[in-house]
Amino acid sequence: MVSLSALYFVCSTLLSGSHAFEIEDVDVLNEKWGSDWNFAGITTFARLPTNRCLVDFNTTYDVAVVGVPFDTAVSYRPGARFGPRAIRAASMRQNKLRGFNARAGFNPYQNWAHVVDCMDISVTPMDNVLALHQMTEAFHNLLAHNTTHPEFGKVPRLVALGGDHSVVLPHLRALHSIYGEITVIHFDAHLDTWLPNKYPEGWDSSLGSGIGEFTHGSMFWMASEEGLLSKNCIHAGLRTRLSGTDYEDYRDDKEQGFLRITCDDIDDFKPAGIIEIIKKRVPEGAPVYISVDIDVIDPSAAPGTGTPEVGGWSTRELIRLLRGLGDLNLVGADIVEVSPAYDHAENTAMAGMQVAYELLTSMVMNRAKEGVHLDPSREELGLPASSYSEFKQVSKDEDHSEL
Ligand SMILES: [Mn+2]
């Protein structure tokens, strides 16, 4: 029997002129009006449930998306403060119902994990000292929330939507306080391990805020100085120009513990070979952070970014690489430097959305493997182990599938 509180009274008087009343159950109304088409509705990432997690500490989640709309540490084009908004808008064709990730055989939105959109961290655009403080406190607090399913892990995972690349530093600070040294897999055209004196600034920074070193090109140097990083970190997709007249930037980078995979390496090693190089370097079970600067993709496919460099990877190649790293112990991730004012037809924002979706899928899937509620495996469904091996089966050119 339907209780009175579950009833909704619909009056058709005004439209029809009649005095008939219809009484409809909430379930019926939900069926009629409870869902949106892809282009309609209030924007959250993948239409996930949302809450201002930093205010409501009772919000529990296993994986959360959080926007970090900060871009005043950029050296060239500003605008990434609008990145979270653009990525969310581009994600509106994702939802629970159409969320099955075919490569993974897995729907991250209909599985064990409670995935939410924690809205944005409120960061000042006026004062970078305060901004870094705000972001650091925010990431500590977001990671201190209880998980919904502690049997799968007591610390939630965050996928941060930048913002410029400097927003990785506060995230790493918070993760380091939980896991110790973090192994960063850094997809980027640039090193971002630059010493602050590599920027052309002749003024004494103590005359200003005193943290002129906090930039979107030096934050990994800062992370290294603070002892947040392991010595097994990796760059992938490099094609930046260097400072001065020799390889000093590379020497600085190596001292900070990074291996460099260049953009051109994909021609020699193919995506599968690059995945293998990365996996060999990451110790078994090490806490891994994947940081994706959208400028790792060629500007023809992702023009809306702070410091574009021509000759980059395709969106398909990047996604393929991310998929290949899905079984690492991914404790945090970001997609940064999406700057929609320089974008065309949402290309960059869509790439950012897909990156976030792949990272989120991996975060949910790699822990499901250890526990219950697995979807049927690809073998059970009669599918090959991955779409890559499917390709290998049909390929007549064996060299095509060699690493
Ligand atoms: Mn970067």
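The values are calculated or read from the model by the stated rules, or taken from the named source; none is laboratory data. Everything numeric in this text was worked out from a predicted model, so none of it was measured. No Cβ is skipped: glycine too gets one built from the backbone with ideal geometry, and neighbour counts run over all protein chains shown.
Kindly check whether there is at least one residue in the stretch 213-228 that is under 25 Å from Tyr179 (Cα atoms), at pLDDT 95 or above, in contact with an Asp or Glu (Cβ under 8 Å, 6 or more places away or on another chain) and away from the ligand (no atom under 15 Å from the Cβ).
yes
Name every residue in the stretch 308-323 that is crowded, with 21+ Cβ neighbours inside 10 Å and assigned to a loop (DSSP other than H, G, I, E, B), in order of residue number.
Of everything in the stretch 308-323, those that are crowded, with 21+ Cβ neighbours inside 10 Å and assigned to a loop (DSSP other than H, G, I, E, B) turn out to be Pro308, Gly312.
State yes or no: is Val331 within 14 Å of the ligand (Cβ to nearest atom), within 28 Å of Ala64 (Cα to Cα) and either hydrophobic (A, V, I, L, M, F, W, C) or not assigned by TED's automatic domain parsing to the domain that holds Met222 (or both)?
no
What about Gly326, is it touching a Ser or Thr at 6+ places or on another chain (Cβ under 7 Å) and either over 21 Å from Thr215 (Cβ atoms) or assigned to a helix (DSSP H, G or I) (or both)?
For Gly326, the condition - touching a Ser or Thr at 6+ places or on another chain (Cβ under 7 Å) and either over 21 Å from Thr215 (Cβ atoms) or assigned to a helix (DSSP H, G or I) (or both) - is met.
Tell me the residue from Asp164, Asp192 that is on the phi > 0 side of the Ramachandran plot, within 13 Å of the ligand (Cβ to nearest atom), touching a helix residue (DSSP H, G or I) at 6+ places or on another chain (Cβ under 9 Å) and in contact (Cβ under 8 Å) with a residue 12 or more places away in the chain, please.
Asp192
Out of (1) within 16 Å of the ligand (Cβ to nearest atom); (2) at pLDDT 95 or above; (3) β-branched (Val, Ile, Thr), the odd one out for Ile182 is which?
(1)
In a loop (DSSP other than H, G, I, E, B) and in contact (Cβ under 8 Å) with a residue 24 or more places away in the chain - does that describe any residue in the stretch 292-302? Spell out the reasoning first.
We begin by selecting, within the stretch 292-302, every residue in a loop (DSSP other than H, G, I, E, B); these are 298-302.
Now drop any that are not in contact (Cβ under 8 Å) with a residue 24 or more places away in the chain, which leaves 301-302.
Scanning the stretch 292-302, I find at least one residue that is in a loop (DSSP other than H, G, I, E, B) and in contact (Cβ under 8 Å) with a residue 24 or more places away in the chain, so the answer is yes.
Quick one: would you say Arg323 is under 20 Å from the mean Cα position of the chain (by Cα) and modelled with pLDDT under 95?
On the way: under 20 Å from the mean Cα position of the chain (by Cα): yes; modelled with pLDDT under 95: yes.
Yes: the conditions hold for Arg323.
Do we have any residue at all in the stretch 120-142 that's surrounded by fewer than 20 Cβ atoms within 10 Å (Cβ to Cβ), among the hydroxyl-bearing types (Ser, Thr, Tyr) and assigned to a helix (DSSP H, G or I)?
yes
Under 8 Å by Cβ, and 6 or more places apart or on different chains, what pairs join a residue from the stretch 205-221 that is without any contact (Cβ under 8 Å) to a residue 12 or more places away in the chain with one that is within 16 Å of the ligand (Cβ to nearest atom)?
Once the first residue is without any contact (Cβ under 8 Å) to a residue 12 or more places away in the chain and sits in the stretch 205-221, its partners that are within 16 Å of the ligand (Cβ to nearest atom) give Ser205/Pro196; Ser205/Glu213.
Has the stretch 359-373 got at least one residue that is assigned to a loop (DSSP other than H, G, I, E, B), at pLDDT 95 or above, assigned by TED's automatic domain parsing to the domain that holds Ile185 and away from the ligand (no atom under 16 Å from the Cβ)?
Scanning the stretch 359-373, I find no residue that is assigned to a loop (DSSP other than H, G, I, E, B), at pLDDT 95 or above, assigned by TED's automatic domain parsing to the domain that holds Ile185 and away from the ligand (no atom under 16 Å from the Cβ), so the answer is no.
Given the conditions (1) within 16 Å of the ligand (Cβ to nearest atom); (2) out of contact with any strand residue (DSSP E or B) (no Cβ under 6 Å at 6 or more places or on another chain), which single one is not true for Arg260?
(2)
In the stretch 150-182, what residues are surrounded by fewer than 24 Cβ atoms within 10 Å (Cβ to Cβ) and in contact with a Lys or Arg (Cβ under 9 Å, 6 or more places away or on another chain)?
Selection gives Phe152, Gly153, Glu181.
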